[in-house]
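Reading through the structure tokens given below for one structure.
The values are calculated or read from the model by the stated rules, or taken from the named source; none is laboratory data. Values in this document were obtained by computation on a predicted structure and should not be read as measured data. Using ideal geometry, Cβ is built from the backbone for each residue, glycine included, and neighbour counts are taken over all protein chains shown.
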Amino acid sequence: MTIVTLTTDFGTRDPYVAEMKAVILGLHAAVRLVDVTHDVAAHDVVEAGLAIEAMASVCPQGTVHVAVVDPGVGGSRRGLVVATSGQLFVGPDNGLFTPVLARSGWQAFELRAAEYRRPAVSATFHGRDVFAPAAAHLTLGVAPSRFGPPVADPVRVAWPGTREVGGEVEGRVIHIDRFGNLITSIDSETVARLARGGVVTASIGRRRLPLVRTYGDLGAGGVGALVGSRGRLEVAVRQGSAAQRLSVRRGARVRLSRSTRTSRAPGRGRS
């Protein structure tokens, strides 16, 4: 059974998501629909891209990912299907697929063929009338190349990375999850490299934080940094919100530094 994932900023108050599902199921009733999130901040392409990146890492080959965060709907922006690593990605060409395009061997095609859209296409709801039917036709075996001409220059957004600054690694907070954890652009490989032969600490502003392995390694209300399930450095407060405690928003600088001393992180232990 083919999986189709859905990522949008539509919320669940209105019927928009249900309309997309109805279109997909009307064309291919045997697909399995997976709601990734419909609570992406309105028009936030980067947040949606992070959700797509997370799902692409766990979904099997053959999965079709539909992402609709589309502030340019009805304008000149293209619709795309991107094929890479055995998965397919459908949505507007506005940078949503930047993490996917970082992989090698991708192919992209414009969604132009009228036979793979609904007969009447609203200027304000391409999620229902263009992207949902395209996803359904892909699950039915239509090749991506049949949707339109190849696209060699899909839009990419500036994706926060890391840089070396005076022997330290500097990254950015790129996402704040519902628990208030600060997800950063610093990946697990960078953390592991710094940790070889020394003790790593994280800093936000003037606050220095220990690097721990799990949330439970922090004492009650403790603040620290760890590598989370997405393979990125996170800053967390045990049973609290790091965003609130540290008054931090997305875009804040996070630094990692290493010392050669050995120490035990405070508050270690589980409750």
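Output the residues belonging to the stretch 220-259 that are in contact (Cβ under 8 Å) with a residue 60 or more places away in the chain and polar (S, T, N, Q). The answer is Ser241, Gln244, Ser257, Ser259. Of the candidates Ala42, Ala51, Ala56, the single residue that is out of contact with any Cys (no Cβ under 8 Å at 6 or more places or on another chain) and buried (at least 20 other Cβ atoms within 10 Å of the Cβ) is Ala51.
To keep it simple, each residue is scored yes or no on (1) at pLDDT 95 or above; (2) at negative phi; (3) surrounded by fewer than 20 Cβ atoms within 10 Å (Cβ to Cβ).
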{"residue": "Arg208", "(1), (2), (3)": "no, yes, yes"}
{"residue": "Gly221", "(1), (2), (3)": "no, no, yes"}
{"residue": "Gly231", "(1), (2), (3)": "no, no, yes"}
{"residue": "Glu234", "(1), (2), (3)": "yes, yes, no"}
{"residue": "Ala243", "(1), (2), (3)": "yes, yes, no"}
{"residue": "Gly251", "(1), (2), (3)": "no, no, yes"}
{"residue": "Ser259", "(1), (2), (3)": "no, yes, yes"}
{"residue": "Gly269", "(1), (2), (3)": "no, no, yes"}
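Residue-level analysis places Gln107 among those that are more than 19 Å from the chain's Cα centre (by Cα), assigned by TED's automatic domain parsing to the domain that holds His28, farther than 20 Å from Val23 by Cβ and at pLDDT 95 or above. Mind checking which residues of the stretch 206-232 are in a loop (DSSP other than H, G, I, E, B) and over 19 Å from His175 (Cβ atoms)? Matches in the stretch 206-232: Arg206, Val212, Arg213, Thr214, Leu218, Gly219, Ala220, Gly221, Gly222.
Could you list all residues from the stretch 240-250 that are more than 11 Å from Thr184 (Cβ to Cβ) and out of contact with any Gly (no Cβ under 7 Å at 6 or more places or on another chain)? Of everything in the stretch 240-250, those that are more than 11 Å from Thr184 (Cβ to Cβ) and out of contact with any Gly (no Cβ under 7 Å at 6 or more places or on another chain) turn out to be Arg245, Leu246, Ser247, Arg249. Residues that are in contact (Cβ under 8 Å) with a residue 40 or more places away in the chain, among the hydroxyl-bearing types (Ser, Thr, Tyr) and surrounded by fewer than 14 Cβ atoms within 10 Å (Cβ to Cβ) within the stretch 110-163 comprise just one, Thr124. Are any of the residues in the stretch 173-187 farther than 21 Å from Leu50 by Cβ, out of contact with any helix residue (DSSP H, G or I) (no Cβ under 9 Å at 6 or more places or on another chain) and touching a residue at least 24 places away in the same chain (Cβ under 8 Å)? Within the stretch 173-187, not a single residue is farther than 21 Å from Leu50 by Cβ, out of contact with any helix residue (DSSP H, G or I) (no Cβ under 9 Å at 6 or more places or on another chain) and touching a residue at least 24 places away in the same chain (Cβ under 8 Å).
Restricting the stretch 8-44 to residues that are out of contact with any strand residue (DSSP E or B) (no Cβ under 7 Å at 6 or more places or on another chain) and of a type in the set (Val, Ile, Thr), the residue that is modelled with the highest pLDDT is Val23.
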